[in-house]
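In what follows, a single structure is set out as structure tokens and then discussed.
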Amino acid sequence: MRKTKNIRIFDVIMIIIAILWLIPVFWMINTAIKPTPDIFTTPPTWIPEHFTLEHIKAVVQNWPFIKWLLNSILVSGISTLISLFLAILAAYSFARITWKGRDTIFVILLASMLIPWQINAVPLYFLMNNLNLLNKLISVILPITAMPISVFLLRQFFVGIPSELEDAARIDGCNRVNTLFRIIIPVSGPALAALAIYMFIFSWNEYFWSLITLQRVEKYTLPIGLNMLQGAYDIEYGLLMAAAFLASIPVMIVFIILRRHIIEGMSWSGVTK
Amino acid sequence: MKKALRDQWSGIFFALPFMIIWGVFTLWPVISGFIISLHNWDPLRGSEFIGFKNYTYLFTSERFWNAFLNTFEFAIIMIPLTLVFGLLFAFYLYFSKSKTKAFVESALFFPYLLNVSIISLIWKWLFDPDFGLIIEFLKMIGISNPPQFLNHPLWVIPAIAFASSWWLMGYRMTIFRAALESQPFEIVEAALIDGANKWQIMLRILFPLIRPQFLFATVLTVISGFDVLGQVMIMTDGGPGRSSEVLALLLYREAFSYFRMGRAAAIGFILFVVIFIFTLIALRYLGKDVSK
């Protein structure tokens, strides 16, 4: 009796916390759709008295917002695809083929996860400059396609696949490439989906390196574009919140549709040891 | 014999594409970053080898230590806040049987999906000294002269750290929640029968079981604590004065505002060493019981 009561109290507390947690997001939308005079009132209005699309229109008309969105989709889509491909091959090698030097290289890979992005920024800038890739989307994509964490996560999954499956295919005359594509990949659907989600979100939110390499406005991705908007508008919160709102709409839609998969997919990265 | 040789080659063959890109865009920059940090870099006159002078300069520079302490302050507030709340909320999700917990989980997780620019702009607005929601709220509950968070040297780092925890907590929470759910429930049932209360179960039984995942999340949070940049850049740009200038921002300015690449690279290396040390500390305290 007492126990169930306790649980209910916690449920109520947590619902309140969850609602408080969403207030910043709510406040962004609320500000984005209010006319400017209504934004700066005390006390603040929780339900907009007047509704306007002026801020949203201004952002789309005055800035290459759609272009930034497309750039972001391009960067995240391509880097997710490439990194999945590279990680599948590498994880297969680290998990299921025995070769000299494998374990040493794997440990070095793991250790390199600790390298902060900032340490690479200066040399990477020179490198991209020499390759003539600065200001091109490919320069954002390339460094995030080979992240050790993706190999690490997939390897853990591949290790768990029973070797009988592979042996049977071998006896039937499949070579390594065939085994990988016919046996390993088909049974790894959930792991690959989880990794794809993880990579997509990571690259969608990438900020520091893009800030350095992308200097032309039409090459910006969403995070960088938003940062520049704030330089242009300073404290015009209606416009800034409209831009932030627009930039978060794709995420909101995807999250509402794929909520369960996204949360499961993200948490998977921590559960594999 | 023949198979071993074939395995050797196919192993390398499969790993190679990843290793090449990783080598060019991760390993090589680290090595060359260290080399650059030993130079006085000058685009016109050419760079000159100066040994560890960039490092000794930084260690005697007031601006560097200011940035170092700011980074440290940010990390010391943000890391425990994020991990502790992530853990507590995960325990709640584990124990609750309520139908509302799916909503709670989604709401707490959602901010993690927004990018750093979005969350920074939102929180800058919430912290606005004249019309910000937080100031209004504090006035409403009777605090007549609330601090102007982002404009106050004392409050600026805690404010940014708080906003960052709001942003990053959800991902940690889902990691812990999934880790808890993968544990056999019989252990908890047995403990309940033995008369243990929920707190004892959480701290003595469940927490040790999910220690590996806690360690993973700790390392992740240590990294995002010490290489913080976007939030600071957008919310305050290091201000007021230099009271929120963190190491990564100083690095960015040295490299791309003052074009002192050698010094910037040296800051990057110091950052790496700091993250490394804190990861070792985490491993020592959290990792020691994993093998038991």
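The values are calculated or read from the model by the stated rules, or taken from the named source; none is laboratory data. Quick caveat: nothing in here was measured; it's all calculated off a predicted structure. Because the Cβ atoms are built from the backbone with ideal geometry, glycine has one as well, and the counts that use them run over all protein chains shown. These accessible areas exclude ligands, DNA and RNA; they are computed on the full protein's heavy atoms, side chains included. Shrake-Rupley method; radii C 1.70, N 1.55, O 1.52, S 1.80 Å.
Let's see how each residue does on (1) more than 12 Å from every other protein chain (Cβ to nearest Cβ); (2) within 30 Å of residue B:101 (Cα to Cα); (3) in contact (Cβ under 8 Å) with a residue 12 or more places away in the chain:
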site	(1), (2), (3)
A:9	no, yes, no
A:15	no, yes, no
A:20	no, yes, no
A:29	no, yes, yes
A:42	no, no, no
A:48	yes, yes, yes
A:61	yes, no, no
A:90	no, no, yes
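When A:218, A:206, A:264 are screened for being open to solvent by 60 Å² or more (accessible area, probe 1.4 Å) and closer than 25 Å to residue A:121 by Cβ, only A:218 passes. The set of residues in the range B:223-253 that are open to solvent by 10 Å² or more (accessible area, probe 1.4 Å) and of a type in the set (Val, Ile, Thr) comprises B:223, B:236. Of all residues in the range B:247-276, those that are within 13 Å of the chain's Cα centre (by Cα) and not in a helix (DSSP H, G or I) total 0. Within the range A:48-62, can one find any residue that is of a type in the set (A, V, I, L, M), in contact with a His (Cβ under 7 Å, 6 or more places away or on another chain), part of a helix (DSSP H, G or I) and buried (at least 16 other Cβ atoms within 10 Å of the Cβ)? No, the range A:48-62 has no match at all. Those residues that are among the aromatic types (Phe, Trp, Tyr) and modelled with pLDDT under 90, I need them from the range B:10-43; list them, please. Result: B:41, single match. When you scan the range A:66-81, do you find a residue that is more than 24 Å from the chain's Cα centre (by Cα), open to solvent by 60 Å² or more (accessible area, probe 1.4 Å) and not charged (D, E, K, R), even just one? No, the conditions are met nowhere in the range A:66-81.
Sub-9 Å Cβ pairs linking a first residue in the range B:47-63 that is closer than 26 Å to residue B:242 by Cβ to a second residue that is among the polar types (S, T, N, Q) and in a helix (DSSP H, G or I), at least 6 apart or interchain, are B:52/B:37; B:54/B:37; B:55/B:37, ordered by first then second residue. From the set of residues in the range B:179-193 that are without any contact (Cβ under 8 Å) to a residue 12 or more places away in the chain and assigned to a helix (DSSP H, G or I), which is most open to solvent (accessible area, probe 1.4 Å)? Of everything passing the filter in the range B:179-193, B:193 is most open to solvent (accessible area, probe 1.4 Å).
The conditions of being within 13 Å of chain B (Cβ to nearest Cβ) and either more than 20 Å from residue A:77 (Cα to Cα) or within 21 Å of the chain's Cα centre (by Cα) (or both) are met by residue A:251. Any residue that is surrounded by fewer than 19 Cβ atoms within 10 Å (Cβ to Cβ) and more than 8 Å from chain A (Cβ to nearest Cβ) - is there at least one of those in the range B:103-118? For the range B:103-118, residues surrounded by fewer than 19 Cβ atoms within 10 Å (Cβ to Cβ) and more than 8 Å from chain A (Cβ to nearest Cβ): absent.
Tell me which residues, restricted to the range B:220-234, are over 8 Å from the mean Cα position of the chain (by Cα) and either over 19 Å from residue B:119 (Cα atoms) or assigned to a helix (DSSP H, G or I) (or both). Of everything in the range B:220-234, those that are over 8 Å from the mean Cα position of the chain (by Cα) and either over 19 Å from residue B:119 (Cα atoms) or assigned to a helix (DSSP H, G or I) (or both) turn out to be B:230, B:231, B:232, B:233, B:234. Residues in the range B:86-102 that are at the interface with chain A (Cβ under 9 Å from one of its Cβ atoms) and assigned to a helix (DSSP H, G or I): B:89, B:92, B:93, B:95, B:101, B:102. Hey, residue B:167 hits all of (1) in a helix (DSSP H, G or I); (2) surrounded by fewer than 24 Cβ atoms within 10 Å (Cβ to Cβ) but one; which does it fall short on? Unmet for residue B:167, out of (1) in a helix (DSSP H, G or I); (2) surrounded by fewer than 24 Cβ atoms within 10 Å (Cβ to Cβ): (2).
Just give me the residues in the range B:31-51 being within 9 Å of chain A (Cβ to nearest Cβ) and buried (at least 19 other Cβ atoms within 10 Å of the Cβ), in sequence order. Listed by number, the residues that qualify are B:33, B:36, B:37, B:41. Screening B:83, B:69 for residues that are modelled with pLDDT of 95 or more, more than 11 Å from every other protein chain (Cβ to nearest Cβ), crowded, with 18+ Cβ neighbours inside 10 Å and part of a helix (DSSP H, G or I) leaves exactly one candidate, B:83.
Checking each residue in the range A:158-189 for being without any contact (Cβ under 8 Å) to a residue 12 or more places away in the chain, open to solvent by 60 Å² or more (accessible area, probe 1.4 Å) and part of a helix (DSSP H, G or I) picks out A:164, A:167, A:170, A:171, A:177, A:181, A:186. Among the residues making up the range A:130-157, those that are within 16 Å of residue B:15 (Cβ to Cβ), assigned to a helix (DSSP H, G or I), at pLDDT 90 or above and open to solvent by 10 Å² or more (accessible area, probe 1.4 Å) are A:148, A:155.
Inside the range B:119-153, residues that are free of Cβ contacts under 8 Å to residues at least 24 places away in the same chain, more than 10 Å from every other protein chain (Cβ to nearest Cβ), surrounded by 16 or more Cβ atoms within 10 Å (Cβ to Cβ) and outside any helix (DSSP H, G or I) make up a count of 3.
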